[in-house]
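J.: There's a structure below that I have some questions on.
The values are calculated or read from the model by the stated rules, or taken from the named source; none is laboratory data. Since this is a predicted model, take the numbers as computed values, not measurements. No Cβ is skipped: glycine too gets one built from the backbone with ideal geometry, and neighbour counts run over all protein chains shown.
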Amino acid sequence: MPTKSNITLTLDSCHATAINLDSDNLTILSTDWSGVESVYKTNLAQMHTIKDRWRAIHADVADYVPAGSSILDIGCGDKDILNTISVDSDGEYWGIDLNSAADQVHDLDGDLLTLNKTWDVGLCIETLGFIDDPGRMLDHYKQYANSWIITIRPMVPNSVPIAKSSVNVKHTWNRDGLITFLNEHFSSVTVSDTIYTDVQTYNSGFPKPFLIAVCTP
């Protein structure tokens, strides 16, 4: 397993399964982007599943997890990310969530857990917006990983506000807002441009926006 000293997470412009907001390929994936909002409102249930979206994002997150890293996954859901990212041995991945599949079943809005080790990489994938106090959560759990990869679905032009389509969402950010928020809780923050999921590969209806942030406590 890599040592802490050689685990380095960086963001670059290459995303094997996603496209940048300004990419010419956007017209290929969504021929009538101006009509996406109305289509989304009327056909949300048919357009995509949460699992499709997660797997598209997991594929990009995997690019930033060095091989052999131990992983702490805050808000792990059913640990589906292990279909994309492999770990070397038991205990090198630890997922915390209310989902019964988690290694530690726990309400992230509840008491803050004391963990007994530090992992190479912390993940917080599509979780921040669903937490009552995401700053409190980050300030506590960030100590348990040397670097963090965080993703959110941002508020972007030509996209239905997530709060209108997901009743459990408590917080939303655009890219600038996310940078400001994360800088309040981490010493180093790098946030990608808006990325859109690859609908051709992941059958997700039309490109769904997300941001990847790489942070150091």
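J.: Yes or no: region 130-153 includes at least one residue that is at pLDDT below 95 and in contact with a Ser or Thr (Cβ under 7 Å, 6 or more places away or on another chain).
T.: For region 130-153, residues at pLDDT below 95 and in contact with a Ser or Thr (Cβ under 7 Å, 6 or more places away or on another chain): absent.
Here is a yes/no grid of residues against (1) among the β-branched types (Val, Ile, Thr); (2) at pLDDT 85 or above; (3) under 18 Å from TYR64 (Cα atoms):
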residue	(1), (2), (3)
LEU178	no, yes, no
HIS185	no, yes, no
VAL189	yes, yes, yes
ASP193	no, no, yes
TYR196	no, no, yes
TYR202	no, no, no
PHE210	no, no, yes
VAL214	yes, yes, yes
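J.: Counting just the residues of region 78-93 that are surrounded by fewer than 21 Cβ atoms within 10 Å (Cβ to Cβ) and either among the β-branched types (Val, Ile, Thr) or in contact with a Phe, Trp or Tyr (Cβ under 7 Å, 6 or more places away or on another chain) (or both), which one comes out modelled with the lowest pLDDT?
T.: My answer is VAL87.
J.: Let me ask you something else. Please specify each residue of region 62-106 satisfying the condition of being touching a helix residue (DSSP H, G or I) at 6+ places or on another chain (Cβ under 8 Å), farther than 14 Å from ILE149 by Cα and part of a loop (DSSP other than H, G, I, E, B).
T.: Matches in region 62-106: GLY77, THR84.
J.: Sticking with this one: Quick one: which of LEU123, LEU128, LEU138 is crowded, with 16+ Cβ neighbours inside 10 Å, touching a residue at least 60 places away in the same chain (Cβ under 8 Å) and of a type in the set (A, V, I, L, M)?
T.: LEU123
J.: Out of all the residues in region 94-117, which are hydroxyl-bearing (Ser, Thr, Tyr) and modelled with pLDDT of 95 or more?
T.: Of everything in region 94-117, just one residue is hydroxyl-bearing (Ser, Thr, Tyr) and modelled with pLDDT of 95 or more, namely THR114.
J.: Moving on to the next point. Given the structure, is ILE150 in contact with a strand residue (DSSP E or B) (Cβ under 6 Å, 6 or more places away or on another chain) and under 15 Å from PHE181 (Cα atoms)?
T.: Considered against the rule, which asks whether it is in contact with a strand residue (DSSP E or B) (Cβ under 6 Å, 6 or more places away or on another chain) and under 15 Å from PHE181 (Cα atoms), ILE150 comes out as yes.
J.: Kindly list, by first and then second residue, each pair from a residue in region 99-120 that is in contact (Cβ under 8 Å) with a residue 60 or more places away in the chain to a residue that is part of a loop (DSSP other than H, G, I, E, B), limited to pairs with Cβ atoms under 6 Å and residues at least 6 apart or on different chains.
T.: ASP120/ILE7; ASP120/SER69; ASP120/SER70
J.: For region 62-74, name all the residues that are in contact with a Lys or Arg (Cβ under 9 Å, 6 or more places away or on another chain) and either modelled with pLDDT under 90 or not aliphatic (A, V, I, L, M) (or both).
T.: SER70, ASP73 - these are the residues of region 62-74 that are in contact with a Lys or Arg (Cβ under 9 Å, 6 or more places away or on another chain) and either modelled with pLDDT under 90 or not aliphatic (A, V, I, L, M) (or both).
J.: Another one. Just to be sure, is ALA59 within 18 Å of ASN146 (Cβ to Cβ), at pLDDT below 95 and aliphatic (A, V, I, L, M)?
T.: In short, no.
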